[in-house]
Amino acid sequence: MATKHTTATLTIDGKSLDLPVLHPTIGPDVVDIRKLYAEGDVFTFDPGFTSTAACESAITYIDGDKGDLLYRGYPIEQLAEKSHYLEVCYLLMNGELPSRLQMEDFERRITRHTMLHEQIHYFFRGFRRDSHPMATMVGVVGAMSAFYHDSLDINDPSQREIAAMRMIAKLPTIAAMAYKYSLGQPFVYPRNDLDYAANFLHMCFSVPAEPYHVDPILARAMDLIFTLHADHEQNASTSTVRLAGSSGANPFACIAAGIACLWGPAHGGANQACLEMLREIGTVDRIPEYIARAKDKTDPFRLMGFGHRVYKNFDPRAKVLKKAADDVLGLLGIGDNETLKVAKELERIALEDPYFVDKKLYPNVDFYSGIILEAMGFPTAMFTPIFALSRTVGWISQWREMLNDKNQKIGRPRQLYIGAPMRDYVPVEAR
Ligand code: ACO
């Protein structure tokens with residue numbers, strides 16, 4: 001709980017209001033305006049929540065100016081180097097790193113939930129083969145509430161726990177099935193002898209006709225991508241999950257809402273949009289044309305994979321992935337392809353160009369994750385589903401934290417009304 005020491009004074013039409021100022025463990029102080037409407041008869045106006053803290057949270061911290069990202073206090077660079085995704089899941093959900101025994105128990109529980117109810121296979125078959133896998137995921141994850149009736153009661157902590165385990169365990173299976181379905185290939189069941197990342201690669205890339213060997217370097221890169229995307233504070237999709245959950249909606253419905261929000265190109269959909277943009281640019285000599293378009297205020301085009309609402313410095317996740325991209329491309333011997341050349345040159349120009357430097361538009365995580373995922377053999381349509389399955393643990397941790405928060409209320413923003421004042425209805429013959 002943030003501590004309260006000082007006050008801020010707001011004067012409106014000569015009337016002064018003292019507002020408590022809350023101090024977080026790190027980060028900017030927060031003016032507590034909860035009583036503003038009751039005592040001052042005014043609302044605040046903050047479209048896009050650029051200056052508004054919507055909740056207390058002890059999970060993730062970002063310092064956008066410095067380029068710091070902490071999960072439960074641990075720097076992302078250390079977790080990326082020394083930890084692995086399931087340990088990070090435990091950390092995000094429980095607040096502390098697990099002991100060896102706790103880790104083994106957690107892994108065992110996740111592993112035992114990787115299969116889906118067999119009836120869900122028929123649900124998949126209702127989709128067109130050319131559906132975007134995000135569309136399939138929104139539908140299937142939402143539909144989980146029709147299959148797992150014993151984990152819908154949000155007031156029962158054990159049901160909340162089992163719903164959390166089910167989603168962390170089953171999201172890779174759902175994403176892989178959406179992929180297999182789009183290819184017209186048979187679904188591949190999970191293999192519980194593989195780790196989380198290797199199992200996902202197995203479900204995506206193996207076929208019943210021949211053995212499939214998971215390359216440990218690719219599995220490590222996959223695990224890294226999962227780890228770096230696991231949580232990111234109160235971003236759009238996380239806020240969507242919290243808002244959906246604030247009404248008491250069931251956890252599967254809340255996560256489906258998060259997946260829907262993540263899909264947008266300004267958020268998780270940027271990884272797909274970025275790679276499509278690199279392909280559209282095609283060759284290095286066409287980059288100046290696209291840079292000019294990005295700067296042109298009359299052109300809606302933006303350089304995808306650049307800029308971030310919070311980071312006004314290098315995205316720390318992008319730094320880790322830049323190195324991983326070099327490793328993966330080196331391993332696969334494709335460091336020289338044209339898309340990658342365009343990416344490297346675009347990055348170099350954008351980091352030097354005054355427009356991007358002045359606006360602090362650095363490459364973000366989506367810029368590098370797309371390059372790695374493409375090298376691994378994923379089609380662009382799978383990039384955002386992979387982001388979604390990685391972020392599921394973050395959404396769930398934030399949802400659980402919200403349910404335990406005694407200040408939690410249904411989310412209900414106010415508005416600055418600019419419509420017509422009250423007027424009388426006019427019968428059609430008089431209009
Ligand atoms: N290319 C060109 N110009 C840009 C870009 C970009 N990618 N991003 C921002 N700008 C410009 C804006 O035009 C604006 O210029 P102005 O001040 O002259 O009007 C200025 O930089 C600030 O941009 P805003 O849109 O106000 O910044 P905001 O914080 O609202 O947006 C966002 C952040 C949505 C990420 C934006 O940078 C963007 O659209 N980037 C491309 C999409 C992308 O890569 N999204 C992934 C985000 S990371 C994630 O979700 C995992």
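The values are calculated or read from the model by the stated rules, or taken from the named source; none is laboratory data. What you see is a predicted model; the values in this text were computed from it and never measured. Backbone-built Cβ (ideal geometry, glycine too); neighbour counts: all protein chains shown. Just the protein is used for accessible areas: all its heavy atoms, side chains included, with ligands, DNA and RNA removed. Shrake-Rupley method; radii C 1.70, N 1.55, O 1.52, S 1.80 Å.
For this structure, a couple of remarks:
- Checked against the criterion of being surrounded by fewer than 17 Cβ atoms within 10 Å (Cβ to Cβ), of a type outside the set (Ser, Thr, Tyr) and in a helix (DSSP H, G or I), the stretch 416-429 has at least one qualifying residue.
- Scope the stretch 218-248; condition away from the ligand (no atom under 16 Å from the Cβ) and open to solvent by 30 Å² or more (accessible area, probe 1.4 Å); matching residues: Arg220, Leu243, Ser247, Gly248
- Residue count, the stretch 263-314 (criterion: open to solvent by 20 Å² or more (accessible area, probe 1.4 Å), in a loop (DSSP other than H, G, I, E, B) and within 12 Å of the ligand (Cβ to nearest atom)): 17
- Scanning the stretch 59-87 for residues that are among the polar types (S, T, N, Q) and in contact (Cβ under 8 Å) with a residue 40 or more places away in the chain returns Thr60, Ser83.
- Hits in the stretch 249-262 (condition: touching a Phe, Trp or Tyr at 6+ places or on another chain (Cβ under 8 Å) and away from the ligand (no atom under 15 Å from the Cβ)): Pro251, Phe252, Cys254, Ile255
- Lys15 vs. criteria farther than 30 Å from Val88 by Cα and either under 24 Å from the mean Cα position of the chain (by Cα) or open to solvent by 70 Å² or more (accessible area, probe 1.4 Å) (or both): yes
- The stretch 60-116 - residue that is closer than 20 Å to Arg400 by Cα and assigned to a loop (DSSP other than H, G, I, E, B) and, of those, most open to solvent (accessible area, probe 1.4 Å): Glu96
- Restricted to the stretch 120-147, and to residues there that are among the hydroxyl-bearing types (Ser, Thr, Tyr) and touching a helix residue (DSSP H, G or I) at 6+ places or on another chain (Cβ under 6 Å), the residue that is farthest from Arg109 (Cα to Cα) is Thr136.
- The stretch 38-59: number of residues that are in a helix (DSSP H, G or I) and open to solvent by 70 Å² or more (accessible area, probe 1.4 Å): 4
- For the stretch 126-169, the set of residues classified as without any contact (Cβ under 8 Å) to a residue 24 or more places away in the chain, loosely packed, with under 13 Cβ neighbours inside 10 Å and assigned to a loop (DSSP other than H, G, I, E, B) consists of Gly126, Arg128, Asn155, listed by residue number.
- The one condition in (1) closer than 12 Å to Val365 by Cβ; (2) within 11 Å of the ligand (Cβ to nearest atom) that Leu321 fails to fulfil: (2)
- Checking Phe378, Phe387 one by one, the residue that is of a type outside the set (Gly, Ala, Ser), under 25 Å from Leu183 (Cβ atoms) and in a loop (DSSP other than H, G, I, E, B) is Phe378 and no other.
- Some residue of the stretch 381-404 being open to solvent by 60 Å² or more (accessible area, probe 1.4 Å) and at pLDDT 90 or above: yes
- Residue list for the stretch 246-262, filter: assigned to a helix (DSSP H, G or I) and hydrophobic (A, V, I, L, M, F, W, C): Phe252, Ala253, Cys254, Ile255, Ala256, Ala257, Ile259, Ala260, Cys261, Leu262
- Selection status of Lys323, at pLDDT below 85 and not acidic (Asp, Glu): yes
- Residues of the stretch 315-358 satisfying the condition of being in a helix (DSSP H, G or I) and polar (S, T, N, Q): Thr339
- Filtering the stretch 338-358 to residues that are open to solvent by 20 Å² or more (accessible area, probe 1.4 Å), of a type in the set (A, V, I, L, M) and without any contact (Cβ under 8 Å) to a residue 60 or more places away in the chain leaves Leu351, Val357.
- Any hit, the stretch 239-260, residues being more than 30 Å from Lys409 (Cβ to Cβ) and under 20 Å from the mean Cα position of the chain (by Cα): no
- Residues that are among the β-branched types (Val, Ile, Thr), under 19 Å from the mean Cα position of the chain (by Cα) and within 25 Å of Trp263 (Cα to Cα) do occur in the stretch 174-187, at least one of them.
- Restricting the first member to the stretch 399-427 and to residues that are under 21 Å from Tyr37 (Cα atoms), and the second to residues that are basic (Lys, Arg), the beta-carbon pairs closer than 8 Å and six or more apart or on different chains are Gly411/Arg242.
- Residue match in the stretch 203-212 (condition: open to solvent by 20 Å² or more (accessible area, probe 1.4 Å) and within 19 Å of Ile225 (Cβ to Cβ)): yes
- Any hit, the stretch 328-337, residues being among the β-branched types (Val, Ile, Thr), surrounded by 15 or more Cβ atoms within 10 Å (Cβ to Cβ) and more than 12 Å from the ligand (Cβ to nearest atom): yes
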